[in-house]
Each structure stands twice: as structure tokens, then as C-alpha cells.
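Structure first, then comments.
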Amino acid sequence: MSCFQWSEEMSVGIAAIDSDHKCLIRIIDLLHDIRDQDDSQRMIDTVLDTLLVYGRHHFAREERVLAACKFPGRAFHHSEHQGFTRYVESLRKRFRGTGDPQMAKELRDYLSAWLRHHILIQDMAFKPYVTGKAGAEEVANAAGPSLIDMVDGREMRLN
Ligand SMILES: [Fe+2]
Ligand SMILES: [Fe+2]
């Protein structure tokens, strides 16, 4: 069952960044199903790895657009992204040590909070600086392939 539904109100004005954010909603959905599965440990491990790849590509894309559009809050924004990566890395380390399946819930709660506080507030804050800016879409597209493919099975299978 999904707790988040993508809507146009969540758009930050750049299609490739919106697509990445939809990918994260998909990952949160996957975490909802994990507790019912026999291979939950492998799933959690794969999701943690995927999130690190996701962060590396998505944050690079976003930060390139923010630099191109001279968004004034980009240093703080970068530090927030680093916090996400640090958290996921530390959770992966703990998970590999304990294998505790409860971590699926901890991760889901963290990602839900990230969506509410980072994507819907901090990412939304750059919308006026990037929407309709010449070259912004091109910079976003050139930063890398769509991440939605990662969870749609074209590059990586999560189930
Ligand atoms: Fe973002
Ligand atoms: Fe961001």
C-alpha cells in the first residue's frame, strides 16, 4: 500500500528531477512490502545499495542545476544531501552487522520524513530559481540517465 502519491504539486519544475523524486516514492513503496517477504534481508540490502546509487546520481543532478541557476542556498542544500548519504551509509553498516529486519521500518520512516522535509520544502525552495531557466532542463538531463529505470527493472531488479 502506498502512503505517497505523486502529484503535480510536488513538481520542482525540472522534469528529470521530478522523475528522480518519483523513483524515491517507488522505493518507499517497496519498503512497505518487505516485511511480508521471505527474502527481506536481501531486499533491505539491495534497497540500501540502491539508495546510495540514487543519492549519488540524484544529488549530482540537482546540484548541477542549482549551480547553473545560481541558487543562493546551494551550500546548505549540498550539506543536507551529504546528511542523507551519511545516514544511509551508517544504516547499511548497522544492517550488515545485525541483519535486523526492523530496519526496513526505520528506513521507511527516514525516507518518508526526507520526502516531507527535504523534497517538499527544501527542494521546493529552488523551484522559482530553476523553472523556465534557459538550459536548466538540459543540465539536468546531461547529468545522467533517469533513475526511475533503476526500480522499474531496466537496470536493477529489486524483487
Ligand atoms: Fe531532490
Ligand atoms: Fe535536494
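Quick notes on this structure:
- Here Gly13 qualifies as on the phi > 0 side of the Ramachandran plot and within 16 Å of ligand 2 (Cβ to nearest atom).
- Residue count, segment 65-77 (criterion: more than 12 Å from ligand 1 (Cβ to nearest atom) and either under 13 Å from Ala143 (Cα atoms) or not in a helix (DSSP H, G or I) (or both)): 7
- Look at segment 1-24: where a residue is surrounded by 14 or more Cβ atoms within 10 Å (Cβ to Cβ) and a partner is at pLDDT 95 or above and among the small types (Gly, Ala, Ser), sitting 6+ places away or on another chain with Cβ atoms under 7 Å, you get Ile14/Ala136; Ile14/Ala140; Ala16/Ala140; Ile17/Ala140; Asp18/Ser11.
- Among the residues of segment 89-109, those identified as part of a helix (DSSP H, G or I) and either in contact (Cβ under 8 Å) with a residue 40 or more places away in the chain or hydrophobic (A, V, I, L, M, F, W, C) (or both) are Leu91, Arg92, Phe95, Arg96, Met103, Ala104, Lys105, Leu107, Arg108.
- For Arg157: the one exception among (1) assigned to a helix (DSSP H, G or I); (2) within 19 Å of Arg56 (Cα to Cα); (3) away from ligand 1 (no atom under 16 Å from the Cβ); (4) modelled with pLDDT under 95: (1)
- Candidate set: segment 24-50, residues that are charged (D, E, K, R) and at pLDDT below 85; chosen: the one nearest to His118 (Cα to Cα): Asp33
- Leading residue by the ranking (farthest from Ala125 (Cα to Cα)) among those in segment 69-93 that are among the hydrophobic types (A, V, I, L, M, F, W, C) and either touching a His at 6+ places or on another chain (Cβ under 7 Å) or buried (at least 17 other Cβ atoms within 10 Å of the Cβ) (or both): Leu91
- Among the residues listed as Arg61, Arg86, the single one being over 22 Å from Thr131 (Cβ atoms), at pLDDT 95 or above, part of a helix (DSSP H, G or I) and of a type in the set (Lys, Arg): Arg86
The values are calculated or read from the model by the stated rules, or taken from the named source; none is laboratory data. Treat the numbers as computed from the prediction; the structure is a model and nothing was measured. Here Cβ is always computed from backbone atoms with ideal geometry, including for glycine, and neighbour counts include all displayed protein chains.
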